[in-house]
Amino acid sequence: MTNNFVRREFLKLAGLSAVGLRSAGADPARDERMAWWREARFGMFIHWGLYSVLGGEWKGFDYGKEMGGSSAEWIMLRAGISREEYATLAKQFNPVKFKAQEWVGLAKEAGMKYMVITSKHHDGFSMFGSKMTKYNIVDATPFRRDVIKELAQECRRQGLRFGVYYSHCRDWYNRDPQDRNNEIPPPPQYVSFVKGQLRELLTNYGPLGVIWFDTGDKYADINTEYGRLVQQLQPQCLISGRLQGREGVSDYQQEGDRRIPAKRVNGDVETPMTLRDNWGYDRDENNWKSDKDILQRFTLTACRGANMLLNMGPQPDGLLAPQEISSLKAIGRWMKVNSEAIYGTTAGPFDYDFEWGSISQKPDRLYLHVLKWNPSGIAFHGLKSKINRAWLLTDTRNSLAIEQDTAKGLVKVNVPAKAPDENVSVIALEIAGKPVVDEKAAGTYHWSKDVDIRLNQEKIAKQKAMGWRQVLRDKKNK
Ligand code: JFZ
């Protein structure tokens with residue numbers, strides 16, 4: 001038993017929560033484990049599996065598109081496809097154009113520092129060569145290759161951390177497919193199955209950065225057993241909050257899907273974000289976010305102190321969608337100039353944004369992420385620290401003129417008439433040490449993307465009320 005594991009157990013016994021404390025020193029072992037993740041700030045999520053063959057559609061109805069936020073990888077359940085019929089998709093899954101080097105190369109070009117791919121989603125199909133079941137990509141498909149192994153090796157080669165998503169409770173093949181909401185606890189033989197697969201993932205694929213458990217629901221004791229197995233086999237592997245084990249087992253928390261925090265988060269938090277509505281590949285859902293939209297969500301997430309895990313839903317042929325490649329390249333161009341305002345930063349010093357945008361920080365630096373340019377200057381209040389210098393990250397040689405009243409906490413940075421970046425322009429401020437802020441300064445502006453989710457939920461509720469037959473008729477009449 002490693003001393004890290006003993007330390008974690010002690011923390012638990014002492015009732016100390018190891019989750020939610022971003023402040024260094026609260027839990028040295030956890031701080032050490034989390035160091036790469038806190039530096040990274042940005043990763044690639046990948047939802048890929050048998051559902052990709054269907055592209056969200058079943059018998060003429062697009063469950064991915066019509067269902068708005070609920071997603072193509074849920075099609076087995078949404079369309080009521082039997083285990084037997086769904087399993088026949090394995091014979092059609094042959095992604096011959098898949099190249100781990102391309103996917104990892106694109107992630108690296110975008111400035112992503114870690115990758116998390118679905119090793120087994122709710123449909124129960126294993127995307128790795130498991131000995132626990134023949135229902136896996138090596139034994140059941142004509143492709144016969146272990147994509148988890150290929151991506152793990154390629155990430156190590158290109159210097160990214162590698163992790164896997166694992167659905168440890170919802171499993172519509174290896175458990176009761178009718179128990180869609182985990183109304184009953186996982187039976188003992190399923191718990192053994194999960195432990196067997198976790199052993200395989202933690203033994204056969206090298207050091208993992210994270211196991212991204214998803215939706216353990218209310219079975220904390222069983223979920224905690226899974227967490228302890230991870231700690232025993234790979235003490236440095238991070239455990240996601242959606243394990244839903246007992247206090248102190250998970251290393252960090254997730255925001256709700258696609259939600260950027262409305263204000264600064266407390267502790268280590270990650271936002272899973274999609275480029276369109278669906279996580280899994282959908283043939284014709286085209287609600288793609290623009291480069292501006294995704295960059296502004298990305299930078300606001302960072303300014304509120306959360307990591308972003310940005311999702312790709314690869315095609316059944318093994319290629320990323322053209323829009324995904326284009327977005328990754330656009331983010332990469334922005335990161336080439338501005339990554340110092342992201343890597344290793346924490347949330348800004350204020351619990352609110354400003355009319356022009358928000359702030360991230362690292363020692364001796366504040367970074368103003370300007371989403372809405374103002375040629376008469378970028379002004380804010382609440383900072384008592386003296387600013388020694390200000391400059392654009394697009395032009396590090398030339399300083400910008402600063403007007404400041406430290407007593408009143410007023411700052412204005414004089415800027416060029418035209419924004420240097422059409423999406424997010426970053427101004428760096430050099431200060432001495434930690435920023436001194438005026439606690440009484442009141443926020444002038446909150447920015448939350450929760451409204452997108454609410455509108456989506458209203459849309460889904462309306463569709464449900466209308467009934468699928470009507471939705472189908474409307475679709476046919478379009
Ligand atoms: C889950 C999955 O059901 C979904 O298919 C996708 O993989 C997503 C990333 O994770 O969906 C969730 C899980 C948890 C929340 C929302 C959606 N949540 O806690 O708000």
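The values are calculated or read from the model by the stated rules, or taken from the named source; none is laboratory data. Not measured: the values here are computed from a predicted model. Don't worry about glycine lacking a Cβ; one is built from the backbone with ideal geometry, like all the others, and counts go over all protein chains shown. Just so you know, the surface numbers come from the protein's heavy atoms only, side chains and all, with ligands and any DNA or RNA stripped out. Shrake-Rupley method; radii C 1.70, N 1.55, O 1.52, S 1.80 Å.
Assorted remarks:
- Annotation: Asp293 fulfils all but one of (1) in a helix (DSSP H, G or I); (2) farther than 30 Å from Arg264 by Cβ; (3) of a type in the set (Asp, Glu); the unmet one is (2).
- Under the condition of being of a type in the set (A, V, I, L, M) and open to solvent by 10 Å² or more (accessible area, probe 1.4 Å), the residues counted in segment 284-308 number 0.
- Cβ pairs under 7 Å, 6+ apart, first in segment 254-266 and small (Gly, Ala, Ser), second more than 13 Å from the ligand (Cβ to nearest atom) and open to solvent by 30 Å² or more (accessible area, probe 1.4 Å): Ala262/His446; Ala262/Ser448
- Scanning segment 241-283 for residues that are surrounded by fewer than 17 Cβ atoms within 10 Å (Cβ to Cβ), closer than 30 Å to Trp58 by Cβ and out of contact with any strand residue (DSSP E or B) (no Cβ under 7 Å at 6 or more places or on another chain) returns a single hit, Gly256.
- Flag if Pro186 is of a type outside the set (Gly, Ala, Ser), part of a loop (DSSP other than H, G, I, E, B) and surrounded by fewer than 21 Cβ atoms within 10 Å (Cβ to Cβ): no
- Any hit, segment 324-332, residues being open to solvent by less than 30 Å² (accessible area, probe 1.4 Å), under 19 Å from Pro261 (Cβ atoms), touching a residue at least 60 places away in the same chain (Cβ under 8 Å) and away from the ligand (no atom under 16 Å from the Cβ): no
- Which numbered condition Val164 fails, given (1) away from the ligand (no atom under 16 Å from the Cβ); (2) under 22 Å from the mean Cα position of the chain (by Cα); (3) not in a loop (DSSP other than H, G, I, E, B): (1)
- For first residues located in segment 145-170 and among the polar types (S, T, N, Q), partners that are assigned to a strand (DSSP E or B) and away from the ligand (no atom under 16 Å from the Cβ) and lie 6+ apart or on another chain with Cβ distances below 8 Å do not occur.
- Any hit, segment 291-302, residues being farther than 19 Å from Glu39 by Cα, among the aliphatic types (A, V, I, L, M) and either within 16 Å of the ligand (Cβ to nearest atom) or touching a strand residue (DSSP E or B) at 6+ places or on another chain (Cβ under 8 Å) (or both): yes
- From the list Gln178, Gln231, the lone residue that is polar (S, T, N, Q) and buried (at least 17 other Cβ atoms within 10 Å of the Cβ) is Gln231.
So that you can scan it fast, the table gives a plain yes or no per residue for (1) more than 26 Å from Ile239 (Cα to Cα); (2) open to solvent by 10 Å² or more (accessible area, probe 1.4 Å):
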{"site": "Trp74", "(1), (2)": "no, yes"}
{"site": "Ala79", "(1), (2)": "yes, yes"}
{"site": "Phe93", "(1), (2)": "yes, no"}
{"site": "Lys99", "(1), (2)": "yes, yes"}
{"site": "Ala107", "(1), (2)": "no, no"}
{"site": "Tyr114", "(1), (2)": "no, no"}
{"site": "Gly159", "(1), (2)": "no, yes"}
{"site": "Tyr173", "(1), (2)": "no, yes"}
